[in-house]
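No lab work stands behind these numbers, since they all come straight from the coordinates. Small disclaimer: the values here were computed from a predicted structure and weren't measured. A quick note on method: Cβ atoms are made from the backbone with ideal geometry, for glycine too, and the neighbour counts reach across all protein chains shown.
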Amino acid sequence: MLELLHKLGLPENFSVQGVGIDATIEWIHILMFVLFFIWAPFFIYTLIRFRRSRNPKADYKGVKSHISSYLEGGVAIIEAAILIGFAFPVWEERVNDIPAPDDKDAVHIQVVAQQFQWNMHYAGDDNIFGPSRIDLINDESQNFIGLDRSDATALDDIMLFNEIHLPVNRDAVIYLSSRDVIHSLFLPIFRVKQDAVPGMRIPISFKPTQTGYSEIACAQLCGNSHYSMKGYLYVHTPNGYESFIKASSKLAVLDDYDYGFEAEKKLKAAKEAIKSGYSISAEKLATEAYELAVIALEDKESSDGDEWDDW
Amino acid sequence: MQIPYTVEPRPDTGLHNAKIGIWLFLASEVMLFGGLFSAYVLLRTGSIVWPEGSSILSVPIGTFNTMALIASSVTMVLSWAALKINNLSKFKMYMFLTYFLGLVFLIVKVVFEYLPKFEHHLYPSESTFLAIYFTLTGLHALHVLGGVIVNIYFWGPGSKMWETEPERFTNRVEVAGLYWHFVDLVWIFLFPVLYLL
Amino acid sequence: MTEISRESIWTKYIFSQDHKVIGLQYAFTALFFLLFGFALMMIMRWQLAYPGKPIPADGFIWVIALLGVVITLIGLFHSKKNLITLSGIIFLFMTWILIYLTSGEGRMPEGIMTPDFYNSLGAMHGTIMIFLGVVPLLVGGLGNYVLPLQIGAPDMAFPKINMVSYWSYFLGGITMLVSFFVPGGAANSGWTSYPPLSDLATTGQTVWLFGMVLLITSSLLGSINFITTVIQLRAKGLTWMRLPFFVWTQFVTAFLLLLAFPPLEAAGVLQLMDRLVGTSFFLPSGLYVGTGPLPVSGGGSPLLWQHLFWFLAHPEVYVLILPAMGIVAEIIANNTRKPLWGYRSMVFASIFLGIMSFIVWAHHMYLTGMGTTMTAFFQTTTMIISIPSVIILSAFFISLWGGSIRFNTPMLFALGFLPMFGIGGLTGLPLGLASSDIYLHDTYYVIGHFHYVVAPGTIFALFAGIYYWFPKVTGKMMDELLGKIHFWGSMIFINGIFLPMFIQGLAGISRRLYDGGESYLHAQDVLFWNEVMSYSAWGLGLMQIVFIINFVLSLRNGKDAGSNPWKATTLEWSAASSPPIEHGNFDKVPEVYRAAYEYSVPEASTDFIPQNQKEVK
Amino acid sequence: MDNIESIQKNIRNYIMVFGALAILTVITVGASYLQVGVVSAIVIAVIIATVKGSLVASIFMHLLSEKKFIYILLGVTALLFLVLMFVTLFTVNDQVGIHVS
Ligand code: HEA
Ligand code: HEA
Ligand code: CUA
Ligand SMILES: [Cu+2]
């Protein structure tokens, strides 16, 4: 059945959590098909068999057996089985098996939706999310989530928009919220979907099983550009991811495009590589970006005094 | 042809049409206020701080109004009972008291509660508490107003029916009474919920 | 004692208190809105098939204008002048609205639809179809007309309230139409109107809310009337288990309307407060909208709206389907010439369905962050509620066995309903399981699911009902050939629209997308279906012209029907056809002696025994 | 059905109920000045209000002696009212994630 659904358009699943979801989809569709293929032939047969020209006199009593009660009982039992066997446990897992915020094995990201983009917030090197405040939101300077850069924990935080980076085979935890209206984060090939409700911070977690590149969609009507509210998701090799994040974090601290230029270029190239399916070369590019970023940071620090020249 | 059971009850249900109609209407009103009450409960449990009603609203005024509505409820039922014992003038007196007390309720509500609030810039937009307070009491006040209008009608021009179809008129007053008691009943819950808790 | 007799044309046809006139008023208004809602969708479907290309809306509009002119002309030379001329004028009016809509700045500059306008059309299509089209036609139209006849009553229990109910609906409809003309256009936050989006939307949303309040009032008044009528005005001998199934479904439906609508009214009041008075019932603290923090007190909850909305809107979907099942039951019994199989279980199933429908609502909200306990609860109730539908549908299928089936047009539509509702219902199951809904929620799979139940489901049942009761209402038969063309054409095209939606949904295309998913990477493989679906939608539109022509021509030259053309058993067929207005319905008050569907009784000489016939002859 | 005497008796009942309602109002206001916890305050107030409400419904609205249909209707309505209040509340409380404000 799953093959059939794949043929019908259901994309391949690339997350650990998606397996249970696909299993539910599969079993319920089996039930649907069975029901359909019990009744549809019966239906067509009766229409032909009992048409007026063939059966001019109707039978007052009609069917006397209780076959339909068995059928209905059967439907109830199968539905119960699917509920207990798949639906409940899958949801239980989805809600309860979310790695704790201090779980170092998982990657933690905050995602704040807005009309009409996705803002990602990584904790950076120190693994602590810097605080953010609504009065610090400043769209011009690209601080869409109001991150308080003056706080020490926020210095190395990374803000990205419309792109998520994740390592393969590691749990990812996304804390989802919204700063204006309701959106819905949809990652089709990971079978992830969750409404982003303003005023709430909802965690979801999943574990990608392959490196690669995919799309983030918005599944909840959020205004006129809902249709174009998209983003991209890059799944790196574990090392590639580490380097990528570290490099970005260093660049965030550096906060100076002149110095970080080379490293930025490498990061871009790494993304391109993932896009084209070369995760190993992406890993290499990210590592180089990291090295460049370290050098750039040192450069900047050592030349700190010279800054005055620029005035 | 006539529509049956407008006055006399249908034998197997024991009810006349209007009686069923009004109870159905009241059932839907229960759900209307149910929606608002559940909004109240949800917003309150979801909030971090919730002001004590008595710190914003005046309990004495609320108590006074509660008494007024309760009294009007009893005069309403007495006016119906007066019709049952064929006493139209008594009916008129009780009916007058009923809508008079309803008017008192409304005037007190507007003049001594709403207007002073506005003067102190306590608008619905100020806080969730005020928002729900104004919405619930405002909707309730509209119901009172509707009831008052109906009651005035039965007290004045509507009572002509007593001459021609006394039984039908009594039924009508009963039905109006059911509505009026319901409005009172809603207030019985609104009062402690908003003023006292 | 209410005398139902009044004089002037004004009270006879406009502010009439006769259930038949009111039923017709309802039906005509609702048909107009149905067509209007469809017209909006045909324009949208162009955008979906060819995103961002100018829309040759003139084409559609000319077709409708032409129809209007033709119908007006027919009307002018016809005995039923007023009725037909009126519908012609309605068509012309619609042309004018469509011309207005498809020209102009904010909506379609240079013929290219703006995203905001697309969202308006979507929201209004949903609202109009459900609240102004299908429910008024099913309940207000067919229910009002047929139900008192079927129970042998002279009229509704409260004729005045019935009239107010119609006019409240009419005003609600006008309000909804007017909303297109206010600055910023009509409501554009979906028919679900989720805040905060709807709280922040343009004026159209306020008008929408006022319109909804009027429509809710209308429904409440209507349902009070229906329930009282069924309880009080049943003819002598018409016990509960002898009621036609149609009456039962209307009865249950009325309860759903009565008890589920008020919470939405409450929610509507709260949203109006938010929009007009500046409260924050649905706005949490700390919103940052557009270029700055939102200056409100905050502290509200967006999910509160969703709960109150779905508390109505789930029962509402059974409001859409139950009367449709009632119609199908009447027609199947009549055209298989045998009693319904399992009548009792169907009655209990629909009561059970009605009650259960109040405790499944949050299956529309699985992804708002629900925990395990409550999802388990709602999944279980959702699976449970599918069982009565299975029971009813199985009873229909089994009823066919042993019949002597006549394939006339009403029967074709009724039979078409069965597998179509089956597909729609079955595809509800994966949505009802929270874990598969994670993937399918808000994709075209949902759109496919519910259109299968409402369009080839309910709308087919509506067509069946119209073909079936047309002779009763007008005294004329509708044309069979045109009817069959209408059926087969509609059947093919409607599946062409909705079947591909499952494919697109499985591929993960979200609903309410202005560009139909064109810019999604993951949509590319299934994108071509958009064109197929759109062409099917226009084809379906063409087929409806066949229907309209049939409708109008049959009024004019249809065969005379007599009072019981289908040889049916229920009471409405013992009244004269085109029952006289304002004299009650029956020459002599009927009395009932038997169950509703006594067809092919072995000892009888005819193959049907009317309910009010005393002896078996 | 209702003869004059029984109506007279009813009238006495109505007056008594009025007295009871007035007293209960005083009690509920008085109780609100007692410094009990929020939960017990709510419980007390709701209980008193329910008693008052039942008095109005059963005596003034004659629910003590109504017909079957009305009981069924009100039973269903009461049930749905509870569903609307509590299932909604449970759902909102059974929530993943936290509220931020
Ligand atoms: C008439 C309207 C109608 C009906 C009857 C139904 C019936 C059902 N609906 Fe549907 N639904 C809608 C209208 C309807 N729905 C609408 C309008 C929406 C979307 C609203 C929006 O978001 O805008 C929706 C959305 C919707 C959702 C939310 C999806 C989402 O947003 O993610 C869910 C989830 O549980 C659901 C479930 C069901 C179920 C389980 C049934 C069950 O009752 C179905 C039971 C029926 C069966 C199980 C069929 C049995 C058939 C057979 C036994 C025979 C088969 C034989 C042959 C085919 C030959 N529906
Ligand atoms: C009862 C409800 C109903 C009905 C019948 C329909 C019918 C149709 N719907 Fe609709 N639809 C909705 C309710 C309904 N819809 C809702 C609630 C939404 C969601 C909105 C939202 O997102 O908020 C939606 C959304 C929706 C979308 C998705 C839009 C989006 O997400 O962006 C699409 C896309 O194709 C669509 C298409 C159609 C089509 C082609 C029909 C066709 O089947 C139409 C067929 C119509 C007819 C057959 C009419 C026949 C009538 C006549 C011919 C009148 C004759 C007149 C006289 C005799 C005088 N609908
Ligand atoms: Cu964001 Cu849709
Ligand atoms: Cu539903």
Return the calculated 222 nm mean residue ellipticity for chain A, to the nearest 500 deg cm²/dmol, obtained by summing -39500 (n - 2.57) across DSSP H runs with n ≥ 4 and dividing by the residue count.
-13500 deg cm²/dmol
Which of the lysines could be linked to B:Lys109 by a straight reach, that is with a Cα gap under 21 Å, when you skip same-chain ones fewer than 8 residues away?
B:Lys117
Going highest first, how would you order A:34-46, A:77-89 by mean Cβ packing within 10 Å?
A:77-89, A:34-46
Between D:Ser65 and B:Phe96, what is the label-point separation in nm under the 7 Å Cα-to-beta-carbon projection?
3.1 nm
Amide proton proximity set for C:Glu598, modelled H, under 5 Å, gap of 5+:
C:Ile609
For every helix of n ≥ 4 consecutive DSSP H residues, a contribution of -39,500 (n - 2.57) applies; sum these over chain C, divide by its total residues, and give [θ] at 222 nm rounded to the nearest 500 deg cm²/dmol.
-20500 deg cm²/dmol
Post the alpha-carbon centroid distance, segment C:257-319 to segment A:146-179, in whole angstrom.
31 Å
Please compute, for peptide D:75-82, the average count of beta-carbon atoms on other protein chains lying within 10 Å of each residue's beta-carbon.
6
Whichever lysines have a C-alpha closer than 23 Å to that of A:Lys64, once near sequence neighbours (fewer than 8 apart) are set aside:
C:Lys338
Can you tell me what share of the DSSP beta bridges in chain A is antiparallel? A percent to the nearest 5 is fine.
70 percent
Taking Cα atoms, the helix C:245-272 axis meets the longest principal axis of chain C at an angle in degrees (rounded to 10) of 30 degrees
Using alpha carbons only, how many degrees (0 to 90, rounded to 10) separate the axis of helix A:257-275 from the longest principal axis of chain A?
20 degrees
Taking placed amide H atoms and a strict 5 Å upper bound, the residues 5 or more places from C:Leu283 or on another chain that come that close are C:Gly300, C:Ser301
Taking A:117-124, C:164-171 and ranking on average Cβ neighbours within 10 Å, highest first, one gets A:117-124, C:164-171
How big is the Cα convex hull of segment D:4-95 in projection, averaged over all directions, in nm²?
8.0 nm²
For A:Val192, list long-range residues whose amide hydrogen, built 1.01 Å from N in the peptide plane, is under 5 Å from its own amide hydrogen.
A:Leu187
In deg cm²/dmol and to the nearest 500, what is the mean residue ellipticity at 222 nm of chain B if only DSSP H runs of at least 4 residues count, each as -39500 (n - 2.57), divided by the residue total?
-24500 deg cm²/dmol
In degrees, nearest ten, helix A:279-302 long axis to first principal axis of chain A (Cα):
30 degrees
Peptide ranges C:512-524, D:68-80 listed from the most packed, as the mean C-beta count within 10 angstrom indicates
C:512-524, D:68-80
Quick one: grab the alpha carbon gyration tensor of segment C:508-568, order the square roots of its eigenvalues as a ≥ b ≥ c, and give me rounded if a/c is under 1.5, else prolate or oblate depending on whether a/b is larger than b/c.
prolate
If you take the beta carbon distance between A:Leu8 and A:Ser302 as r and set R0 to 51 Å, what does 1/(1 + (r/R0)^6) give as a FRET efficiency, to the nearest 0.05?
0.25
So the label point goes 7 Å from the Cα of D:Ala78 along Cα→C-beta, right? Which residues of segment B:168-193 then have their backbone N under 19 Å from it?
B:178-179, B:181-190
Nearest 0.05, what FRET efficiency do D:Val38 and C:Trp240 give at R0 = 45 Å with Cβ-Cβ as r?
0.40
Modelling each spin label as a point 7 Å along the Cα-to-Cβ direction, I'd like the A:Ala80/B:Phe118 distance in nm, to one decimal.
6.1 nm
Please sort through the DSSP H helices of chain B and keep those with an alpha-carbon extent of at least 24 Å along the long axis and a Kyte-Doolittle average not below 1.6.
none
Over segment A:107-302, what lengths in whole Å, largest first, do the semi-axes of the equivalent ellipsoid take, defined as the square roots of 5 times the eigenvalues of the alpha-carbon gyration tensor?
26, 21, 14
Here segment C:378-389 yields Karplus 3J(HN,Hα) values (6.51, -1.76, 1.60; θ = phi - 60°; whole Hz; Gly and Pro given as x) of 6, 5, 5, 4, 5, 5, 4, 5, 6, 5, x, 5
Using θ = phi - 60° and the Karplus relation 6.51 cos²θ - 1.76 cosθ + 1.60, list the HN-Hα couplings for segment C:491-496 in order, rounded to whole Hz, with x at every Gly or Pro.
4, 5, 5, 5, 5, x
Please compute, for peptide A:30-40, the average count of beta-carbon atoms on other protein chains lying within 10 Å of each residue's beta-carbon.
4
For C:219-228, what's the mean count of beta carbons from other chains sitting within 10 Å of each residue's beta carbon?
4
Determine the shape class of the protein assembly as shown: with a ≥ b ≥ c the square roots of the Cα gyration tensor eigenvalues, call it rounded for a/c under 1.5, and otherwise prolate if a/b is greater than b/c, oblate otherwise.
oblate
In order over segment A:224-229: 3J(HN,Hα) from phi, Karplus 6.51/-1.76/1.60, θ = phi - 60°, whole Hz, x for each Gly or Pro, gives 5, 9, 3, 5, 10, 7
Could you tell me which of the pairs A:Lys193/A:Lys246; A:Lys61/D:Lys67; C:Lys12/C:Lys559; C:Lys588/C:Lys617; A:Lys207/A:Lys300; B:Lys84/C:Lys160 are separated by over 30 angstrom between their Cα atoms in the structure shown?
A:Lys61/D:Lys67; A:Lys207/A:Lys300
